[in-house]
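Working notes, beginning with the structure itself.
The values are calculated or read from the model by the stated rules, or taken from the named source; none is laboratory data. Just so it is clear, the model here is predicted, and its values are computed rather than measured. Glycine gets a Cβ as well: all are built from the backbone with ideal geometry, and neighbour counts include every protein chain shown.
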Amino acid sequence: MLEIFVCGENEMTHRSGSEVRVRTLVLPTRWSRTEYDRLLEIAQHSDVSAAEVLRRLVRQSHTQLLPSRQLVHDVRRIGQNINQIARHANTARSVQLLDELESAYADLLAAVRRMLAS
């Protein structure tokens, strides 16, 4: 479960004026040591705070930063179908199976393009 804390203006008087006006949500998260070290490394290299690194990532990202589970499932399923068709085509030396393989490959390519476009 994701918890978000909303801070009132009185609680933020020790912060800069822009943060009082704009940034009122606090989002606690859990990190592995490796993830946290990587975040700090990026922040240090960029000469900004870790929070600013995360804010910039959100502002610059697409709506679908990660492919959906359904899309990953569909791409895997199509890939499995292509492998089965390829095995049959190689065994039977069938032109019809090669046509099916080409069609399955086109489906896979379309799914990957949808994933990259989103």
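Annotations
A quick yes/no check of all residues on (1) part of a strand (DSSP E or B); (2) under 30 Å from residue 109 (Cα atoms); (3) modelled with pLDDT under 80:
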| residue | (1), (2), (3) |
| --- | --- |
| 11 | no, no, yes |
| 15 | no, no, yes |
| 18 | no, no, yes |
| 29 | no, no, no |
| 39 | no, no, no |
| 73 | no, yes, no |
| 78 | no, yes, no |
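- Pairing each residue of the stretch 97-118 that is over 15 Å from residue 83 (Cβ atoms) and surrounded by 13 or more Cβ atoms within 10 Å (Cβ to Cβ) with any residue that is modelled with pLDDT of 75 or more and of a type in the set (Asp, Glu), provided the two are 6+ apart or on different chains, yields C-beta distances under 8 Å for 111/74.
- Given (1) of a type outside the set (Val, Ile, Thr); (2) modelled with pLDDT of 80 or more; (3) closer than 30 Å to residue 114 by Cα, number of the condition residue 47 does not satisfy: (3)
- Residue 84 being modelled with pLDDT of 65 or more, assigned to a helix (DSSP H, G or I) and either under 24 Å from residue 114 (Cα atoms) or in contact with a strand residue (DSSP E or B) (Cβ under 7 Å, 6 or more places away or on another chain) (or both): yes
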